[in-house]
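The values are calculated or read from the model by the stated rules, or taken from the named source; none is laboratory data. Keep in mind that this is a model prediction, so the values were computed, not measured. As a convention, Cβ positions derive from the backbone with ideal geometry for all residues, glycine included, and neighbour counts pool all protein chains shown. In case anyone asks, the SASA skips ligands and DNA or RNA and just uses the protein heavy atoms, side chains included. Shrake-Rupley method; radii C 1.70, N 1.55, O 1.52, S 1.80 Å.
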Amino acid sequence: MTLTRPASPSADVRALLGLDIRSGGAVAFDDLAGLALRDNPRRAHLIVSRILGKHIPVPGATVLDGGHRLGDLVAAELAAQGPAGDVDDALVIGYCETATGLGHAVAQRLGMSYLHSTREPVADLPVAVSFEEEHSHAVAHHLQPGPSVRLAGAGPLVLVDDELTTGRTALNTIEALHARFPRPAYVVAALIDARTPAQRKAFDQRAAEIGVDVRVASLAAIAVDVPDDVLDRAARARAELAPGAPSPAGAPAPVHVYDDRWPADQPTGARNGLTAGETARLDDAAAGVARWLGPELSGRVLVVGTEELMFLPTLVAAHLADQHPALDVVTQSTTRSPVHAADQPGYAVRRTLEFAAPTEPGRPARLHNVVDPSAAVPDGAAWSDLRHDHVVVVVDTPADAAAPLAEALRPFADVVHVVTVTGGPR
């Protein structure tokens with residue numbers, strides 16, 4: 001995985017909060033992530049991934065490569081555990097919303113079935129398991145497998161998240177599943193393992209109490225020393241930093257809607273689970289989108305996913321770049337997550353757009369940055385002036401529900417394209 005490190009990665013937030021971060025593992029922390037402040041009086045900082053395609057726009061190939069490298073580490077952990085049942089009957093579960101795409105990339109690499117948790121269960125299908133994410137701003141997770149995948153099985157279970165903070169959510173999940181759907185082996189995989197030594201010990205003790213052997217795979221492991229007054233420091237920093245960047249000036253872009261191109265029987269994601277073969281067919285469908293949409297695009301292109309719908313937009317972005325080399329394509333996703341934005345060089349989140357969520361119009365959703373926060377700025381310009389030539393929104397709702405998002409993006413491109421993928425199950 002080739003990564004370019006920004007000139008001043010996250011150093012400002014470290015100094016503002018008095019954080020000391022030491023990293024190890026296959027990839028250095030500063031290559032994987034930066035730091036931002038949370039808009040939360042009880043939590044100080046947020047690790048902002050540079051390769052996840054969530055808060056920062058990155059090439060689709062970078063997102064997939066990160067997931068595939070994590071999948072290779074998972075394979076090594078499974079091999080180290082010895083015989084773990086039928087690998088063909090294995091299951092990968094990703095956590096919504098941030099790791100839905102990452103988990104799918106891990107499953108794709110391993111050739112395993114995939115299911116992600118959801119905060120938006122579909123009607124007319126029973127929820128098999130619900131559990132809590134204790135530190136999150138939106139805590140409820142549901143597992144709602146459809147006919148393609150089974151929670152019970154003779155193969156291993158792999159849980160994927162972007163960051164392992166304490167490990168409690170992963171163990172909550174394993175405990176809930178092992179009581180009803182036991183598996184012979186478990187691996188927890190994350191881009192960054194941020195557990196303290198005490199948390200690692202508590203993790204192993206609780207796994208033993210549950211009666212399971214749980215291995216952990218990560219690209220980077222970090223140790224963070226946090227001062228006792230970090231919340232006070234964060235409050236002062238939020239008050240003192242520059243505000244988030246405004247939208248670029250200029251005429252808003254026209255919006256083109258494509259609501260009849262997605263195959264009617266093609267699932268769009270793994271909210272209800274996909275086999276490895278179904279993931280391959282999803283990849284083929286994404287390549288089809290790139291074939292017909294690519295000739296409409298030019299220059300710098302941003303492909304936007306919507307909350308839990310991350311993997312399909314990432315595939316579309318990757319195929320656009322492969323099929324149309326003249327395009328400069330990046331991807332990112334909208335999110336529920338509130339983050340403190342500050343238009344300051346070296347800061348990880350420089351702008352936030354807020355709009356009605358396409359899947360739930362009464363709730364706000366957000367899109368952070370829109371342009372790479374470390375992007376080079378031409379002489380005489382400001383970072384806030386940067387924009388894309390085209391923005392492509394991939395959404396699994398009718399186009400009308402995505403209208404607030406499209407409207408928010410009109411200042412950032414010459415044309416906004418809305419591609420609805422509402423044909424098959426999600």
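Yes or no, residue by residue, for (1) among the aromatic types (Phe, Trp, Tyr); (2) closer than 13 Å to Glu307 by Cβ; (3) within 22 Å of the chain's Cα centre (by Cα); (4) surrounded by fewer than 18 Cβ atoms within 10 Å (Cβ to Cβ):
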site	(1), (2), (3), (4)
Ala357	no, yes, yes, no
Ala382	no, no, no, yes
Asp396	no, yes, yes, no
Pro411	no, no, no, no
Task: Meets criteria (touching a residue at least 24 places away in the same chain (Cβ under 8 Å) and among the aliphatic types (A, V, I, L, M)) for Ala99 - done: yes
Open item on the list: Testing His141 on (1) over 21 Å from Arg195 (Cβ atoms); (2) of a type outside the set (Asp, Glu); (3) at pLDDT below 95, one condition comes back false. Which one is that?
Closed with: (1)
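Does Gly94 qualify as being of a type outside the set (Ser, Thr, Tyr), in contact with a Lys or Arg (Cβ under 6 Å, 6 or more places away or on another chain), in contact (Cβ under 8 Å) with a residue 12 or more places away in the chain and open to solvent by less than 40 Å² (accessible area, probe 1.4 Å)? Lay out the reasoning, then the answer.
Working: of a type outside the set (Ser, Thr, Tyr): yes; in contact with a Lys or Arg (Cβ under 6 Å, 6 or more places away or on another chain): no; in contact (Cβ under 8 Å) with a residue 12 or more places away in the chain: yes; open to solvent by less than 40 Å² (accessible area, probe 1.4 Å): yes.
In short, no.
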- [ ] Those residues that are in contact with a Lys or Arg (Cβ under 6 Å, 6 or more places away or on another chain) and buried (at least 21 other Cβ atoms within 10 Å of the Cβ), I need them from the stretch 57-76; list them, please.
- [x] Gly71
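Yes or no: Leu52 over 20 Å from Gly25 (Cβ atoms), modelled with pLDDT of 95 or more and either open to solvent by 10 Å² or more (accessible area, probe 1.4 Å) or not basic (Lys, Arg) (or both)?
Details: over 20 Å from Gly25 (Cβ atoms): no; modelled with pLDDT of 95 or more: yes; either open to solvent by 10 Å² or more (accessible area, probe 1.4 Å) or not basic (Lys, Arg) (or both): yes.
The answer is no for Leu52.
For the stretch 144-258, which strands (runs of 3 or more DSSP E) that fit wholly inside it have 2 or more residues that are touching an Asp or Glu at 6+ places or on another chain (Cβ under 8 Å), open to solvent by 10 Å² or more (accessible area, probe 1.4 Å) and aliphatic (A, V, I, L, M)? Let's see the steps before the verdict.
Numbers: elements: 157-164, 186-193, 214-225, 255-258.
Where strands (runs of 3 or more DSSP E) fall fully within the stretch 144-258 and carry at least 2 residues being touching an Asp or Glu at 6+ places or on another chain (Cβ under 8 Å), open to solvent by 10 Å² or more (accessible area, probe 1.4 Å) and aliphatic (A, V, I, L, M), they are 214-225.
Before we move on, is Leu327 within 12 Å of Pro57 (Cβ to Cβ) and open to solvent by less than 40 Å² (accessible area, probe 1.4 Å)? Talk me through it step by step, then tell me what you get.
Numbers: within 12 Å of Pro57 (Cβ to Cβ): no; open to solvent by less than 40 Å² (accessible area, probe 1.4 Å): yes.
So Leu327 does not fit the description; no.
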TODO: Could you figure out which of (1) outside any helix (DSSP H, G or I); (2) open to solvent by 50 Å² or more (accessible area, probe 1.4 Å); (3) touching a strand residue (DSSP E or B) at 6+ places or on another chain (Cβ under 9 Å) isn't true of Val371?
DONE: (2)
Open item on the list: Suppose the filter is β-branched (Val, Ile, Thr), at pLDDT 95 or above and open to solvent by 10 Å² or more (accessible area, probe 1.4 Å); does Thr100 pass it?
Closed with: no
- [ ] Out of the residues in the stretch 272-302 that are closer than 29 Å to His368 by Cβ, touching a residue at least 40 places away in the same chain (Cβ under 8 Å) and in a helix (DSSP H, G or I), state the one that is farthest from the chain's Cα centre (by Cα).
- [x] Glu296
- [ ] Considering only the stretch 397-415, state which residues are in a helix (DSSP H, G or I) and either over 18 Å from Asp259 (Cα atoms) or aromatic (Phe, Trp, Tyr) (or both).
- [x] Ala408, Leu409, Arg410, Pro411, Phe412
